Amino acid sequence: MNIIQTYDLTKTFGDTIAVDYISINVREGEIYGFLGLNGAGKTTLIRLLLGMIKPDSGSISLFGHNAKQGSDIWNNVGYLVETPYAYPNLTVKENLEVFYQLRGLNDRKQIDKIISVLQLDQYKNKKAKYLSLGNSQRLGLAKALLHNPKLLILDEPINGLDPAGIVEVREFLKDLVKNHNTTIFLSSHILSEISKVATRIGIVHEGKLIKEINTSELEDQIIKKLCVNTNENQKALQILNENGFNASINGNGLIESTEINAIQKPELISALLVKYNVPPKMISVFEEDLEAYFLRMIKS
Amino acid sequence: MKQQWQAFTAEIIKNRHSTITLVTFIAFSLAPLFGGVFMFLMKDNGTEGLSGAFQAKATLLSFEANWNSFLGLLSQAVGVGGVLIFGFVASWLFGREYSDGTAKDLLSLPISRAKIINAKFIYYILWCTALILSNLILGLLIGLVLHLPGWSAEIFVNNLIIYFVTTVLIILLNTPIAFFAIFGKGYMSPLGFVAILLVLAQIFGALGFGNYFPWAIPGIYSGSGGADMKAGLNFFSFLIIGFTSVIGYFGTIFWWKYADQTK
């Protein structure tokens, strides 16, 4: 079942096309990572999904329905958009009480439970204006999770968290999906982070969805190559080619091969070159990092 | 109805620990306090006890140190000061969600957006009502302490009617302030709007069109412009207030429900 489905969703602000014919399907139990640079259109898409802004064209459905304002569907949706703000003069607990009331919940234990889950116990009677950025983020997540939603829409949920907090939230989100059948749509501008939690990633650039990929396939998409340097690179290249290794000289004058055999077993290359008396001075496997992959995607 | 109550309860929680509430009560209480000083200075020497502009105003309005003048003064304070203070209350209640950055948290909930706005209007009415009741009680206490002469049930009831009608007129008039708070996404633009309205009310009043300028009408009704100006109020004056209020109310609801919310 598609929990989120958009079709040709478009939104412009004046001359700026913020979201440009985006069609996505987020299936039940998925963690869909929506990746893009700042200003790529991530937050606009999230606001569209949440009904905060109206699309110029296209359609959106949540849980298979057109989610109207005030409908019960919204009690299946928890969200956090951009910087999580709270009523500054209210305590953490009082802030949650506001949303407990607005959502018409009827089990007050849910407030204490989510405070405990987000490890805000020691701050529950502290006014929101005195919270650190990380704890404000936790309070934002607590508001989003207070009613045990089936769908979580999170905009940059790890912003402001320290490394321990990031790991904690990551594991927490994974647990929600695994043990509570929650579906998560989250945006980020950090691929390395999103790849650790998402099951599928959509890359957005200048309002367009330019690539969708399963995280498990990401490894195959990343460029890997073997780089070799010898005293006689032309001769070494000839030897490699004659022995079935497809290689070339790159812009830096190094021998470069993207052959999977060469990448997986560089010791074979080394032995071969030694055998023909052109021993390598340098041999290394280069693997494109996720950020480089992301930049390559948006540039292409 | 249940959802409306939930939204109202949420509004009550939001305003806990609000220092603004106390500030409005203190600011509004200045009116009966200064009115009391006014009466005290006039008590022995009439308008001779006053000086400058106060003396001119007191003479113009035929003020005396008695209950009728003092209660009239309280109504006039509501008629003019109420525009400012009630406008401040509306600006704060409706604009704070943007200034606090919490507006986005109220938009995708299983409760109608209109109910959230209605809860704010209900809270606004109760807040203003509490303000005028506190001023009335304070005024009565000051009058008693000063041993003002001329008390009668008829005078009290007549002034009470003017006091409360003036209050209702101003409460009605602040729906456009709520709209400007939502439209301007904060409480600064509606406060600016209130300041402009106060100036315009004076200008229209001076030009003789005050009875058709919504924000001048409550002041005129309260008697702050004198009996002649009050006599100039007619059915259309009150119709204009009703029209302004309805436009402001539905404009606020419409904007909150249908405008793109990007903050």
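The values are calculated or read from the model by the stated rules, or taken from the named source; none is laboratory data. Since the structure is predicted, the reported quantities are computational estimates derived from the model, not experimental observations. Using ideal geometry, Cβ is built from the backbone for each residue, glycine included, and neighbour counts are taken over all protein chains shown. Note: accessible area is taken over every heavy atom of the protein model, side chains too, but ligands, DNA and RNA are not part of it. Shrake-Rupley method; radii C 1.70, N 1.55, O 1.52, S 1.80 Å.
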Quiz item: Hey, in the GNM for chain A with a 10 angstrom Cα cutoff, which one of A:240, A:62, A:90 fluctuates hardest?
Solution: A:240
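Accessible area, 1.4 Å probe, largest first: how do B:2, A:235 sort?
Numbers: B:2 150, A:235 85 Å².
Ranked list, largest accessible area first: B:2, A:235.
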Quiz prompt | Exercise: per-residue mean of other protein chain Cβ atoms within 10 Å, A:94-106 | solution = 6
Quiz item: For segment B:2-257, how many pairs of lysine residues have a Cα-Cα distance under 21 Å, where the two are 8 or more positions apart or belong to different chains?
Solution: 20
Quiz item: In whole Hz, what ³J(HN,Hα) sequence does segment A:190-201 give by Karplus (6.51, -1.76, 1.60; θ = phi - 60°), x for Gly and Pro?
Solution: 10, 4, 4, 6, 5, 5, 7, 10, 7, 8, 9, 10
Practice problem: Roll a 1.4 Å probe over the protein heavy atoms and report the accessible area of residue B:200 in Å², nearest 10. | Solution: 60 Å²
Quiz item: What ranking of A:37, A:176 comes out by heavy-atom accessible area, probe 1.4 Å, highest first?
Solution: A:37, A:176
Self-check item: Counted charge near residue B:187, where neighbours are those whose Cβ lies closer than 15 Å (Asp, Glu -1; Lys, Arg +1)
Solution: +3
Quiz item: What are the aspartates and glutamates whose alpha-carbon lies under 16 Å from the alpha-carbon of residue A:225, with same-chain residues fewer than 8 places away excluded?
Solution: A:256, A:259, A:267, A:287, A:288, A:289
Practice problem: Give the angle, between 0 and 90 degrees and rounded to the nearest 10, that separates the Cα long axis of helix A:133-145 from the longest principal axis of the Cα atoms of chain A. | Solution: 70 degrees
Quiz item: How far is helix B:19-45 tilted, in degrees, relative to the longest principal axis of the Cα atoms in chain B, given as a value from 0 to 90 rounded to the nearest 10?
Solution: 10 degrees
Self-check item: Restraint check, A:174/A:224; A:150/A:178; A:42/A:299; A:127/A:150, Cα-Cα greater than 23 Å
Solution: A:174/A:224; A:127/A:150
Quiz item: Nearest 10 degrees, 0 to 90: what angle lies between the long axis of helix B:113-145 and the longest principal axis of chain B (Cα atoms)?
Solution: 20 degrees
Quiz prompt | Fluctuation leader among B:21, B:175, B:102 - chain B, Gaussian network, Cα springs under 10 angstrom | solution = B:102
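Taking R0 as 60 Å, what's the FRET efficiency between residue B:129 and residue A:221 from their Cβ-Cβ distance, rounded to 0.05?
Values: r = 65 Å, r/R0 = 1.09.
Taking R0 as 60 Å, the efficiency between residue B:129 and residue A:221 is 0.40.
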Practice problem: Determine, from the Cβ-Cβ distance of residue B:33 and residue A:130 and an R0 of 51 Å, the FRET efficiency 1/(1 + (r/R0)^6), rounded to the nearest 0.05. | Solution: 0.90
Quiz item: Separation between the residue B:257 and residue A:242 pseudo-spin-labels, each 7 Å from Cα along Cα→Cβ, expressed in nm?
Solution: 8.3 nm
Quiz item: Given the protein chains as shown and a 1.4 Å probe, how many square angstrom of residue B:229 are accessible, to the nearest 10?
Solution: 70 Å²
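Just to verify a number: FRET efficiency for residue B:1 and residue A:214, C-beta to C-beta distance, R0 = 45 Å, to 0.05?
Working: r = 48 Å, r/R0 = 1.08.
In this case the efficiency is close to 0.40.
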Quiz item: For chain A, what's the relative contact order in percent, using C-alpha pairs closer than 8 Å and at least 6 residues apart?
Solution: 20 percent
Self-check item: Heavy-atom accessible area order for A:44, B:252, largest first, 1.4 Å probe
Solution: A:44, B:252
Practice problem: Please find, in a Gaussian network model of chain B (springs between Cα atoms separated by less than 10 Å), the residue of B:130, B:65, B:201 whose mean-square fluctuation is greatest. | Solution: B:130
Quiz item: At a probe radius of 1.4 Å, what is the per-residue accessible area of residue A:189, in Å² to the nearest 10?
Solution: 60 Å²
Exercise. Report, ordered by chain and residue number, the lysines lying within cross-link reach of residue A:109, taken as a straight Cα distance under 16 Å and ignoring same-chain residues fewer than 8 apart.
Key: A:93, A:124, A:143
